[in-house]
1. Condition test on Ile65, is it without any contact (Cβ under 8 Å) to a residue 24 or more places away in the chain and not in a loop (DSSP other than H, G, I, E, B)?
2. Scan region 70-88 for residues that are more than 19 Å from Phe14 (Cβ to Cβ), surrounded by 13 or more Cβ atoms within 10 Å (Cβ to Cβ) and more than 14 Å from the chain's Cα centre (by Cα) and jot them down.
3. Give just the number: which of (1) touching a helix residue (DSSP H, G or I) at 6+ places or on another chain (Cβ under 6 Å); (2) at pLDDT below 90; (3) of a type in the set (Phe, Trp, Tyr) does Trp83 not satisfy?
4. Go through region 19-58 and count every residue that is among the hydroxyl-bearing types (Ser, Thr, Tyr) and surrounded by 16 or more Cβ atoms within 10 Å (Cβ to Cβ).
5. Could we say that Val77 is within 30 Å of Asn29 (Cβ to Cβ) and of a type in the set (A, V, I, L, M) here?
6. Among the hydrophobic types (A, V, I, L, M, F, W, C), closer than 23 Å to Asn50 by Cβ, surrounded by fewer than 16 Cβ atoms within 10 Å (Cβ to Cβ) and at pLDDT below 90, is that true of Leu95?
7. What is the number of the single condition among (1) modelled with pLDDT of 90 or more; (2) within 30 Å of Phe32 (Cα to Cα); (3) assigned to a helix (DSSP H, G or I) that Ala161 does not meet?
8. Residue by residue through region 100-143, note down the ones that are farther than 18 Å from His49 by Cα, touching a helix residue (DSSP H, G or I) at 6+ places or on another chain (Cβ under 9 Å) and modelled with pLDDT under 90.
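The values are calculated or read from the model by the stated rules, or taken from the named source; none is laboratory data. Worth saying up front: this structure is predicted, and the values here are computed from it rather than measured. Positions of Cβ are backbone-derived with ideal geometry, glycine not excepted, and every protein chain shown enters the neighbour counts.
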Amino acid sequence: MTKIYGILLSLAVFILAVDQWTKHVALQNLRFEGDTIPFLSWWSWTLVHNHGAAFGLFRNLPEGIRSAFFMIMPFAVLGILWWSYVRHFKPTERLGPIAMGLVLGGALGNFVDRIRFGYVVDFVDWFYPTSGSCLPLFYHLTGDACHWPVFNVADSAIMVAMGLLIIHSFKNPATKT
């Protein structure tokens, strides 16, 4: 079990460090919300102050409720994931601990932002040109392009982890406790 926690915590610290470093670099180069630096024809850095959850969910909650929600929610989700997954890991497992390390690192990265700024710093903006409607989950930010919601390294780690946990659940069906 010690090896599992070692993998999990090492990866979480790594993700937290990379996330905070990339946000620092973004904030040094993007001073005001909405500032954009083109990177590739389909990718730019665009500073967004995300006061909500993933995809901006819950951003319109009253400030007092939203703040409490985002201070409590990461710990509740991590507790549920620990109860559901981590305590059932076998000593030889790798996929599950890696996924949980990604979740923990990503959750801590965004939590640090909420403590420091009151919002999460997002800056990775992916888009594609279009003259028509956007694919599902994409939206019009400008008139000629469809954008994926702006995100950061922590968000990416959490999304990759969710995919790994889905794969893990098929490889390791629930066992009786």
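1. For Ile65, the condition - without any contact (Cβ under 8 Å) to a residue 24 or more places away in the chain and not in a loop (DSSP other than H, G, I, E, B) - is met.
2. Trp82, Tyr85, His88
3. So Trp83 meets the others, but not (1).
4. Of the residues in that region, 3 qualify.
5. Working: within 30 Å of Asn29 (Cβ to Cβ): no; of a type in the set (A, V, I, L, M): yes.
Taking the combined requirement at face value, the residue does not satisfy it.
6. Here the answer is no, as Leu95 does not meet what is asked.
7. Of everything listed in (1) modelled with pLDDT of 90 or more; (2) within 30 Å of Phe32 (Cα to Cα); (3) assigned to a helix (DSSP H, G or I), Ala161 misses just condition (2).
8. Once the filter is applied, which keeps residues that are farther than 18 Å from His49 by Cα, touching a helix residue (DSSP H, G or I) at 6+ places or on another chain (Cβ under 9 Å) and modelled with pLDDT under 90, region 100-143 yields Met100, Leu137.
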